[in-house]
Amino acid sequence: MNNRLYGNLIFELSQEGRSGYSLPKNRFGSYEIPASMRRKEDAALPECDEMTVVRHYTNLSANNFGVDNGFYPLGSCTMKYNPKINEEVAALPQFAGLHPLQPAETVHGAEEVCKQLCKSLCELTGLYAFTLKPFAGAHGELTGLMVIKKYHESRGDEARRLVIVPDSAHGTNPASAAVCGLDIVEVKSLSDGTVDVEALKELLARHGSEIAAMMMTNPNTLGLFEKQIPEIEKLVHAAGGLMYYDGANLNPMLGAARPGDMGFDVMHINLHKTFSTPHGGGGPGAGPVGVRKGLEPFFPEVSPYHGNFAVAMRALAYILSLGRENIKLVGPLATLNANYIKESLKDVYELPIDGLCKHEFVFDGLKDKSTGVTTMDVAKRLLDYGYHAPTIYFPLLFHESLMIEPTENESKETIDGFIDVMRKIAEEAKTNPDEVKSAPHLTPIGRVDDVLAAKHPIVTYKQLQNDTN
Ligand SMILES: *Cc1c(COP(=O)(O)O)cnc(C)c1O
């Protein structure tokens, strides 16, 4: 990549009068667009030849990093490999070319896709019915909570407005409850990272008749299986609340256990996490919501038409191409890969909660804190070695969180390569800490000032010019 040669912005390459095409004189004379419909001035578009345009954008695209370039162990986001057959299936013109307002009798194929996907999701989760309408996990949470709210209202139980959320929950959980007009009460975690059942009992004793639901993420955001679910489920149900399963971490459960069998009433699934679909840069996604029998009449209308249909197509392609036998390997392999990395690195990185994890786990920075090298520095240094950084500074339970999720897709060689580099960085932190603290050195853009970038983002060309002049 040579940004000097091909420019940071296409506008910097513009030459007045340059054009990307040449056409011969035509035989038909000219047609004048009426003056009232024409611009007063020319649009401020860059003027470039075709080669310049192609090289500019091709080189820019090579600056991007994705699962197709390299290892992407971004915990909590599940950057899973998206088999290329999914893309082909989703792009089939018979599906991609459908219009949402087409007559129903012309879209039986698409309806069958939705029906089959819902059926598969029911089977995988042990729930009774799914809606594919929500556009993302957070949207699914809102949808699921709307179902729960309507359920209580349908029974005249209007007082149930409290949602219990563990302190380890993803920020979207309390946010969704708030958007749904419900109140949030937090339940603490034990030092082993799982829900404190005694604290929950106290909470239920105080607020029992106000509890609408308890939201649980399982495995939770620390990658730990919540072993007390059978007891928690009984307690919450006995108090009259419903159990909500945040299924963003469903990956390691595939083939191992089903939320429906654990006593959950409502859940969402992040199709873009558990069932592939590339979603870097914030989209696209889908957050289908599943419910126990009897709750399906309460599904609200949360999107026009049928949600993100192309994401549903990819999910169904993923499920069908794995098949019943192989989908059972997804959870165990994701779990094996995460535990292998954890055990291979825990002598040099601080492991605050030891023991078996599921698909992901959290380090609390380097073990040797005397070097001054932070989790941020480790993450930046990984870029020099060609790896995407893990999730950092989340969850908030630790100061130097470094959250690693390899997924089930990676080969042993890839994972070993990552482990080697993580060990190398731990060594560099001792022998050459400045090299790590000033990383990255080999990326097109070096260490940026995060605070300045967040507080004073330069997002327009004009501003960039003014600032650099
Ligand atoms: C990703 C995630 C969400 C939110 O899902 P989006 O699709 O990003 O809206 C909710 N809960 C957990 C545990 C997650 O990891």
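The values are calculated or read from the model by the stated rules, or taken from the named source; none is laboratory data. Quick caveat: nothing in here was measured; it's all calculated off a predicted structure. Methodologically, a virtual Cβ is constructed for each residue, glycine included, from the backbone with ideal geometry; neighbour enumeration extends over all protein chains shown.
Here the strands (runs of 3 or more DSSP E) wholly within the stretch 165-256 that include at least 2 residues being of a type in the set (Phe, Trp, Tyr) are 242-247. Among the candidates HIS306, HIS272, HIS359, the residue that is within 16 Å of the ligand (Cβ to nearest atom), of a type outside the set (Ser, Thr, Tyr) and part of a loop (DSSP other than H, G, I, E, B) is uniquely HIS359. Here the condition is being away from the ligand (no atom under 16 Å from the Cβ), closer than 21 Å to ALA317 by Cα and either acidic (Asp, Glu) or touching a residue at least 12 places away in the same chain (Cβ under 8 Å) (or both); of VAL113, VAL107, it holds for VAL113 alone. Considering the stretch 89-129 alone, what residues qualify as being surrounded by fewer than 17 Cβ atoms within 10 Å (Cβ to Cβ), touching a helix residue (DSSP H, G or I) at 6+ places or on another chain (Cβ under 8 Å) and of a type in the set (Ser, Thr, Tyr)? TYR128 - this is the single residue of the stretch 89-129 that is surrounded by fewer than 17 Cβ atoms within 10 Å (Cβ to Cβ), touching a helix residue (DSSP H, G or I) at 6+ places or on another chain (Cβ under 8 Å) and of a type in the set (Ser, Thr, Tyr).
Please go through the stretch 294-338 and give me each residue that is polar (S, T, N, Q), in contact (Cβ under 8 Å) with a residue 12 or more places away in the chain and within 27 Å of LYS358 (Cβ to Cβ), ordered by number.
ASN308, SER321, THR335, ASN337
Can you name every residue in the stretch 207-252 that is within 18 Å of THR274 (Cβ to Cβ) and more than 13 Å from the ligand (Cβ to nearest atom)? PHE225 - this is the single residue of the stretch 207-252 that is within 18 Å of THR274 (Cβ to Cβ) and more than 13 Å from the ligand (Cβ to nearest atom). Of all residue pairs spaced 6 or more apart or on separate chains, those with beta-carbon atoms under 7 Å, a first member in the stretch 119-145 that is closer than 13 Å to ASP265 by Cα and part of a loop (DSSP other than H, G, I, E, B) and a second member that is of a type in the set (Gly, Ala, Ser) and within 16 Å of the ligand (Cβ to nearest atom) are LEU127/GLY290. The set of residues from the stretch 77-88 being within 30 Å of LYS342 (Cα to Cα) and in contact with a helix residue (DSSP H, G or I) (Cβ under 9 Å, 6 or more places away or on another chain) comprises CYS77, THR78, MET79, LYS80, ASN82, PRO83. Somewhere in the stretch 428-450, is a residue aliphatic (A, V, I, L, M), crowded, with 19+ Cβ neighbours inside 10 Å, part of a loop (DSSP other than H, G, I, E, B) and at pLDDT 95 or above? Checked against the condition, which is being aliphatic (A, V, I, L, M), crowded, with 19+ Cβ neighbours inside 10 Å, part of a loop (DSSP other than H, G, I, E, B) and at pLDDT 95 or above, the stretch 428-450 yields at least one hit. Taking each residue of the stretch 216-233 that is at positive phi and looking for partners that are within 16 Å of the ligand (Cβ to nearest atom) and assigned to a helix (DSSP H, G or I) with beta-carbon atoms closer than 9 Å, six or more apart or interchain, yields GLY223/PRO252; GLY223/ALA338. In the stretch 405-427, of all residues being touching a Phe, Trp or Tyr at 6+ places or on another chain (Cβ under 6 Å), touching a residue at least 40 places away in the same chain (Cβ under 8 Å) and not in a loop (DSSP other than H, G, I, E, B), the one that is nearest to THR274 (Cα to Cα) corresponds to THR414.
So, in the stretch 152-164, of the ones that are part of a helix (DSSP H, G or I) and in contact (Cβ under 8 Å) with a residue 24 or more places away in the chain, which residue ends up nearest to the ligand (Cβ to nearest atom)? Steps first, please.
Of the residues in the stretch 152-164, the ones part of a helix (DSSP H, G or I) are 152-154.
From what's left, in contact (Cβ under 8 Å) with a residue 24 or more places away in the chain: 152, 154.
Values: HIS152: 23, SER154: 27 Å.
For the stretch 152-164, the residue satisfying everything is HIS152.
Against the numbered list (1) over 29 Å from VAL362 (Cβ atoms); (2) under 23 Å from the mean Cα position of the chain (by Cα), THR221 comes up short only at (1).
Listed here are the residues, each with its yes/no results for (1) more than 18 Å from ILE211 (Cβ to Cβ); (2) surrounded by fewer than 22 Cβ atoms within 10 Å (Cβ to Cβ); (3) at pLDDT below 95; (4) β-branched (Val, Ile, Thr).
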{"position": "VAL236", "(1), (2), (3), (4)": "no, no, no, yes"}
{"position": "GLY240", "(1), (2), (3), (4)": "no, yes, no, no"}
{"position": "MET262", "(1), (2), (3), (4)": "yes, yes, no, no"}
{"position": "THR277", "(1), (2), (3), (4)": "yes, no, yes, yes"}
{"position": "LYS293", "(1), (2), (3), (4)": "yes, yes, no, no"}
{"position": "PRO300", "(1), (2), (3), (4)": "yes, yes, no, no"}
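What number of residues in the stretch 279-291 are surrounded by fewer than 19 Cβ atoms within 10 Å (Cβ to Cβ) and in contact with a helix residue (DSSP H, G or I) (Cβ under 6 Å, 6 or more places away or on another chain)? Even if it seems obvious, please write down each step before you answer.
Step one: filter the stretch 279-291 for residues surrounded by fewer than 19 Cβ atoms within 10 Å (Cβ to Cβ), giving 280-284.
Keeping just the survivors that are in contact with a helix residue (DSSP H, G or I) (Cβ under 6 Å, 6 or more places away or on another chain) gives 284.
The total comes to 1.
Among the residues of the stretch 8-33, those that are assigned to a loop (DSSP other than H, G, I, E, B) and either charged (D, E, K, R) or surrounded by 12 or more Cβ atoms within 10 Å (Cβ to Cβ) (or both) comprise ASN8, LEU9, SER14, GLU16, ARG18, GLY20, LYS25, ARG27, GLU32. Annotation note: of PHE71, PHE135, the sole residue that is at pLDDT 95 or above, in contact with an Asp or Glu (Cβ under 9 Å, 6 or more places away or on another chain) and hydrophobic (A, V, I, L, M, F, W, C) is PHE71.
Given the options ASP167, ASP68, name the one that is surrounded by fewer than 20 Cβ atoms within 10 Å (Cβ to Cβ) and within 16 Å of the ligand (Cβ to nearest atom).
Details: ASP68 fails: within 16 Å of the ligand (Cβ to nearest atom).
Criteria check complete, one pass: ASP167.
Against the condition modelled with pLDDT of 95 or more, surrounded by fewer than 20 Cβ atoms within 10 Å (Cβ to Cβ) and not hydrophobic (A, V, I, L, M, F, W, C), how does ASP377 come out, does it pass?
Details: modelled with pLDDT of 95 or more: yes; surrounded by fewer than 20 Cβ atoms within 10 Å (Cβ to Cβ): no; not hydrophobic (A, V, I, L, M, F, W, C): yes.
No; evaluated as a whole, the condition is false for this residue.
Would you call ILE415 at negative phi, of a type in the set (A, V, I, L, M, F, W, C) and either surrounded by 22 or more Cβ atoms within 10 Å (Cβ to Cβ) or under 22 Å from the mean Cα position of the chain (by Cα) (or both)? Spelling it out, ILE415 is indeed at negative phi, of a type in the set (A, V, I, L, M, F, W, C) and either surrounded by 22 or more Cβ atoms within 10 Å (Cβ to Cβ) or under 22 Å from the mean Cα position of the chain (by Cα) (or both).
Just need a number here: residues in the stretch 329-350 that are basic (Lys, Arg) and farther than 23 Å from ALA256 by Cβ. Even if it seems obvious, please write down each step before you answer.
Filtering the stretch 329-350 down to residues basic (Lys, Arg) leaves 342, 346.
Subsequent filtering for residues that are farther than 23 Å from ALA256 by Cβ retains 346.
Residues flagged as basic (Lys, Arg) and farther than 23 Å from ALA256 by Cβ within the stretch 329-350 amount to 1.
Report, by residue number, each residue of the stretch 277-293 that is within 14 Å of the ligand (Cβ to nearest atom) and more than 17 Å from CYS114 (Cβ to Cβ). Listed by number, the residues that qualify are PRO278, HIS279, GLY280, GLY281, GLY282, GLY283.
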